[in-house]
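Everything below concerns the one structure shown next.
The values are calculated or read from the model by the stated rules, or taken from the named source; none is laboratory data. Just so it is clear, the model here is predicted, and its values are computed rather than measured. In this analysis, Cβ positions are derived from the backbone assuming ideal geometry, glycine residues included, and neighbour counts consider all displayed protein chains.
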Amino acid sequence: MESKLELAYAVVLERSPAVLRYRTQAVHIALPAGQSAFPDVLVELVTGGFELHEVKPSITHLSRAYLDRCELISSVLHPAQVPFRLVDATQLPSRKHLEWLLQRYVRGHLQMWTPAQVQLGAEALTAFQPTSLAQAHRHLIEAGFPAQLADYLAFHRHWHAPEEIELEGAL
């Protein structure tokens with residue numbers, strides 16, 4: 001990642017069920033007049049398609065020249081049916097939300113989870129309805145699961161942690 005904005009976008013992509021995988025700075029696009037572009041992110045979708053995304057702080061504050069360049073990139077990619085999208089901070093988690101998500105990602109990905117563990121853990125938390133992540137950790141331990149499963153479930157939206165709901169509401 002070249003910026004915190006790109007890191008925040010990587011978290012959004014990690015959480016998206018529509019995204020199979022992504023890679024940063026993966027594509028060189030030759031443009032007319034000897035110009036070139038290196039979009040921030042190449043995204044492969046679960047449907048088999050690809051998209052190229054550019055992450056900027058604010059789309060509304062981009063210069064007309066830069067927007068024209070983006071339109072040129074889009075027109076060059078159009079025959080290959082590869083959409084080009086601009087993404088800005090309004091589509092990304094806040095700093096506090098990002099920190100929370102990164103903690104969930106690190107804790108929740110310390111091991112691989114089977115589909116059965118994910119399903120059973122999500123069902124256990126949905127039935128119990130914990131009022132905090134700490135309570136979810138305790139409940140999963142009591143149910144025979146590692147506590148970190150709650151972090152994985154929260155990160156991937158298999159269970160909605162109350163702390164995240166508060167962070168999302170504070171945007």
So which strands (runs of 3 or more DSSP E) stay within the stretch 1-60 end to end and still have 1 or more residues that are crowded, with 18+ Cβ neighbours inside 10 Å, under 13 Å from the mean Cα position of the chain (by Cα) and free of Cβ contacts under 8 Å to residues at least 40 places away in the same chain? 19-24, 41-45
Going through the stretch 104-158 in order, the residues found to be in a loop (DSSP other than H, G, I, E, B), surrounded by fewer than 16 Cβ atoms within 10 Å (Cβ to Cβ) and touching a residue at least 12 places away in the same chain (Cβ under 8 Å) are HIS109, LEU110, GLN111, THR131, SER132, ALA143, ARG157
(1) modelled with pLDDT of 95 or more; (2) within 20 Å of the chain's Cα centre (by Cα); (3) farther than 14 Å from TYR105 by Cβ; (4) among the acidic types (Asp, Glu) all hold for ASP151 apart from (3)
Which number in (1) assigned to a helix (DSSP H, G or I); (2) assigned by TED's automatic domain parsing to the domain that holds SER36 marks the one condition that VAL87 misses? (1)
